[in-house]
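Note sheet for the following structure.
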Amino acid sequence: RILRDIGHGGFGKTYLAEDINRFNERCVLKELAPIAENQDSLEKAKELFSREAEVLYKLKHPQIPRFREWFAESTRQSMFLVQDYVEGPTYQDVLRDRQNQSLAFSEPEVVTVLMQLLPVLSYIHGMGVVHRDLSPDNLICRNRDRLPVLIDFGGVKEVTVSALQGRTPTQASKQNVTLIGKPGYSPEEQMRRGQVTAASDLYALG
């Protein structure tokens with residue numbers, strides 16, 4: 001049961017919902033509704049969305065929203081992903097509030113966030129996953145314990161030897177690479193050539 005719209009982008013919409021099969025627990029419902037100019041763009045959007053579902057299913061960490069469900073709805077030609085709802089503002093919201101008061105994050109606060117997030121990155125990298133879109137709007141400051149929660153794995157890339165099929169990163173980057181990231185956070189080689197490693201997330205975190 002959809003309660004309200006909580007976000008939208010080029011690939012779809014995100015809703016706050018209630019899971020009526022789980023005693024009306026609140027959850028997040030992500031719908032793939034891409035603004036695609038052609039069939040290739042649509043297929044790429046579906047690929048990214050399917051990848052997010054597969055990766056979230058594998059990831060089990062207290063600072064990553066738990067995967068609940070994945071399904072398709074033929075009448076709307078849409079695909080949906082359901083995951084736990086994390087209550088709290090994004091770090092982009094917190095930053096904006098600070099800026100409106102002419103305030104900034106203190107050095108101890110920054111160090112604390114770093115120390116709280118590094119184990120999360122260590123975990124996903126150990127699972128062979130690079131987030132690729134680490135930025136303040138993809139981090140939620142969870143209300144109940146004030147820990148940062150990493151969200152939005154739509155840009156993940158599994159780092160495996162088979163994915164490169166023996167090609168060098170430079171060669172692989174020229175073949176069907178999706179460029180994902182945010183200026184100011186993602187490293188230059190990711191933004192320009194689609195080359196990502198675990199170091200790309202560490203750069204974005206820094």
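The values are calculated or read from the model by the stated rules, or taken from the named source; none is laboratory data. What you see is a predicted model; the values in this text were computed from it and never measured. Just the protein is used for accessible areas: all its heavy atoms, side chains included, with ligands, DNA and RNA removed. Shrake-Rupley method; radii C 1.70, N 1.55, O 1.52, S 1.80 Å.
Things to note:
- Under Karplus coefficients 6.51, -1.76 and 1.60, residue-wise ³J(HN,Hα) of segment 113-119 in Hz, glycine/proline x: 4, 4, 5, 7, 9, 4, x
- Accessible area, probe 1.4 Å, largest first, for residues 43, 107: 107, 43
- For segment 82-127, a/c is not less than 1.5, where a ≥ b ≥ c are the root eigenvalues of the C-alpha gyration tensor, and a/b does not top b/c. That puts it in the oblate class.
- Whole-angstrom Cα spans of segment 1-151 along principal axes, big to small: 51, 33, 32
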